[in-house]
Amino acid sequence: MDFMFLLLVLLVVLAVAFILYMVPIQLWISAIAANVNVSIGTLIGMRLRRVPPGIIVLALIKAVKAGVDLNVNQLEAHYLAGGDVDKVVDALIAAQRAKIPLLFERAAAIDLAGRNVLEAVQMSVNPKVIETPLIAAVAGNGIELKVKARVTVRANIDRLVGGAGEATVLARVGEGVVTTVGSTNDHKEVLANPDHISKTVLNKGLDSGTAFEILSIDIADVDVGRNIGAELLTDQAEADKKIAQAKAEERRALAVAREQEMMAYTQEMQAKVVEAQAEVPKAVSTALREGNLGVMDYYNMRNILADTQMRENIAKPEASIEDLNNPKKNK
């Protein structure tokens, strides 16, 4: 009998706990107290759909108290889609206080796109300053300038979905700075009027297609870097020097090869001359032996050769008296 009574009590307690879990009475009372129309059946349906009633009801109470027109179905659908209900409601309240037109559908789309919709609304009210990394640009005279800029941006609610982020804005600003500095003839012009860079870059419409609106571009710092033009000229001169040296070495090697070739040819000719001269005594000896050449003829030939040698020595401007008196010496 006692066992049955205890079992009955346990079943009653479990039933009451289940009912209290399925029917969050406290949330229902809080909603009624805040003039939020949420029925018991709606709360039970949230439990069955695995939606935490506390998140939806508390967010709805916050919206109603702030004067934002929302209903349970909108918040529940956004939660089931994977969105952050509290952040969307806070963003709608902040937008309403700042008198920024923002509908629930757009806020939910921004949140589901992965962007922080509350931060975007806050940035629309309080613009954000983005500092660019050090940008290296070269002026027309070849001097490098290192520029650092501060970009003041405001979130564009209408372009948050599908708009480019901060990285794109910084890249475009860097490109604009490089182009503007490169179009100047002298780096001193940039140092004298750095605001010329900001005005020129700002007029390029760099915020097109981004999730931000650029309010201002301020040059924070400009430093003079290397003389790129002089370095390029030096490198070009060094390259030209190496090319000229290579061509000169090629010509020298070709001249040496030709000289060696001529020397070999000259030695070959000299060898042939020596060989031919060695045949002369043999021919003379054969002519004398066979009677084709007489002794007097031989002496006359020697005299003619000596006379010819003397005439050649006289024709030379550097010929000495000794050479003329002794023609056999140069034989």
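Structural remarks
- Selection over region 285-302 of residues that are open to solvent by less than 100 Å² (accessible area, probe 1.4 Å) and part of a helix (DSSP H, G or I) gives a count of 10.
- Every pair of residues 6+ apart whose Cβ atoms lie under 6 Å, when the first sits in region 173-185 and is open to solvent by less than 10 Å² (accessible area, probe 1.4 Å) and in a loop (DSSP other than H, G, I, E, B) while the second is modelled with pLDDT of 85 or more and of a type in the set (D, E, K, R): none
- Among residues of region 160-194, those that are at positive phi and touching a strand residue (DSSP E or B) at 6+ places or on another chain (Cβ under 6 Å), counted: 0
- Qualifying residue in region 81-94 (condition: under 24 Å from residue 158 (Cα atoms), free of Cβ contacts under 8 Å to residues at least 12 places away in the same chain and acidic (Asp, Glu)): no
- Listed by first and then second residue, the pairs with beta-carbon distance under 9 Å, at least 6 apart or on different chains, first residue in region 210-230 and under 19 Å from residue 153 (Cα atoms), second open to solvent by 30 Å² or more (accessible area, probe 1.4 Å) and among the acidic types (Asp, Glu), are 210/166; 211/166; 212/166; 213/207; 214/207; 218/195; 219/195; 220/131.
- Any hit, region 223-232, residues being assigned to a helix (DSSP H, G or I), open to solvent by 70 Å² or more (accessible area, probe 1.4 Å) and either on the phi < 0 side of the Ramachandran plot or in contact with a Leu (Cβ under 8 Å, 6 or more places away or on another chain) (or both): yes
- Output for region 31-43, where each listed residue is modelled with pLDDT of 75 or more and either part of a loop (DSSP other than H, G, I, E, B) or surrounded by 14 or more Cβ atoms within 10 Å (Cβ to Cβ) (or both): 35, 36, 37, 38, 42, 43
- Region 135-147 residues that are touching a residue at least 40 places away in the same chain (Cβ under 8 Å) and open to solvent by less than 20 Å² (accessible area, probe 1.4 Å), paired with ones that are among the acidic types (Asp, Glu) and assigned to a strand (DSSP E or B) (beta carbon under 9 Å, 6 or more apart): 137/144; 145/223; 147/221; 147/223
- Those residues of region 124-137 which are modelled with pLDDT of 85 or more and of a type in the set (A, V, I, L, M), in sequence order: 129, 130, 134, 135, 136, 137
- Output for region 57-76, where each listed residue is in a helix (DSSP H, G or I) and under 16 Å from residue 35 (Cβ atoms): 57, 58, 59, 60, 61, 62, 63, 64, 65, 66, 72
- Single match in 74, 26 (criterion: of a type in the set (S, T, N, Q), out of contact with any strand residue (DSSP E or B) (no Cβ under 9 Å at 6 or more places or on another chain) and open to solvent by 70 Å² or more (accessible area, probe 1.4 Å)): 26
The values are calculated or read from the model by the stated rules, or taken from the named source; none is laboratory data. Model, not experiment: these values are computed from the prediction. When we count neighbours, we look across all protein chains shown, and the Cβ atoms used for this are built from the backbone with ideal geometry, even at glycine. Just so you know, the surface numbers come from the protein's heavy atoms only, side chains and all, with ligands and any DNA or RNA stripped out. Shrake-Rupley method; radii C 1.70, N 1.55, O 1.52, S 1.80 Å.
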